[in-house]
Amino acid sequence: MKKYSRMLAAALLGICLVMSGCGGEDNKDNESSKSESSAAESSAASVSQPKPKENSNKSKTPAPDSWKVIYIQKLNDYFREMMEYDVPDGAFFELIDINKDKTPELIISSPSFHDAKCEVYTAYKGKLVDLKVDAGYEKLFYKEELKQIATKSISDGVTNIWAAELEDGKLKQAVKAVGDFGNYKFTVNGKDVTEYEFYEATANYNDFGDVPWVQLGKKTPFEAEKITEVVNSWKE
């Protein structure tokens, strides 16, 4: 009987040990599963967490006006060429807003030699545009009321008048009139007209040199130290 009791006790002890071992593995698996789940949740939280916005109030240095950069470069190049080729004195430049779009045009009066011309440039879409104005030295004028630049020449009894407006980086001709008084021939914008029609078409262009017409291009003499200063300080 005692032998049977010992055998029963041993069997029960073995069963308990087996059950205890299985329970330990389950606990380990559960703990591992919980740890993995917690890590996944933490990772998901870190992904979904919105990134802090950058401070939009950070001070930024404003970019310089592109037309200023363009004109300064052009004027410096022009000045260097003058020095390199030892051209005569008498060159001037001026900034004036022809079409009142808050961006001025650049007028350069070449040095005072015989066939010198006024050069007119505008800054359009970030580029320097030569408007190719055929205006002799000291003969380019501007009328704010009309927003036009104009030239006038009289030679051998023939009067030539030209005026244009600035639009989208190009000159738009307003008037081109020729009065050949010696041969009594008159044209306006390529069409033959009477003398009366000629005077009527050119009525706004007879008082060049007097207010409200203003002569252009003779404002600032070329000096290296003045170029950047004058361009940067321009105000409408």
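The values are calculated or read from the model by the stated rules, or taken from the named source; none is laboratory data. Model, not experiment: these values are computed from the prediction. When we count neighbours, we look across all protein chains shown, and the Cβ atoms used for this are built from the backbone with ideal geometry, even at glycine.
Conditions (1) assigned to a loop (DSSP other than H, G, I, E, B); (2) surrounded by 10 or more Cβ atoms within 10 Å (Cβ to Cβ); (3) modelled with pLDDT of 80 or more, marked per residue:
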site: Glu41; (1), (2), (3): no, yes, no
site: Lys68; (1), (2), (3): no, yes, yes
site: Arg80; (1), (2), (3): no, yes, yes
site: Pro88; (1), (2), (3): yes, yes, no
site: Asn99; (1), (2), (3): yes, yes, yes
site: Cys118; (1), (2), (3): no, yes, yes
Check your understanding: Of all residues in region 129-158, which are assigned to a strand (DSSP E or B), at pLDDT 90 or above and surrounded by fewer than 16 Cβ atoms within 10 Å (Cβ to Cβ)?
Key -> Asp130, Val158
Review point. Any residue in region 195-209 that is touching a helix residue (DSSP H, G or I) at 6+ places or on another chain (Cβ under 9 Å) and within 18 Å of Glu119 (Cβ to Cβ)?
Key: no
Exercise for review: State the number of residues belonging to region 188-213 that are surrounded by fewer than 16 Cβ atoms within 10 Å (Cβ to Cβ) and either under 22 Å from Ser110 (Cβ atoms) or free of Cβ contacts under 8 Å to residues at least 40 places away in the same chain (or both).
Suggested key: 16
Review point. Do we find a residue being within 18 Å of Leu216 (Cβ to Cβ) and buried (at least 20 other Cβ atoms within 10 Å of the Cβ) anywhere in region 174-183?
Key: no
Check your understanding: Are any of the residues in region 187-203 modelled with pLDDT under 90 and among the basic types (Lys, Arg)?
Key -> no
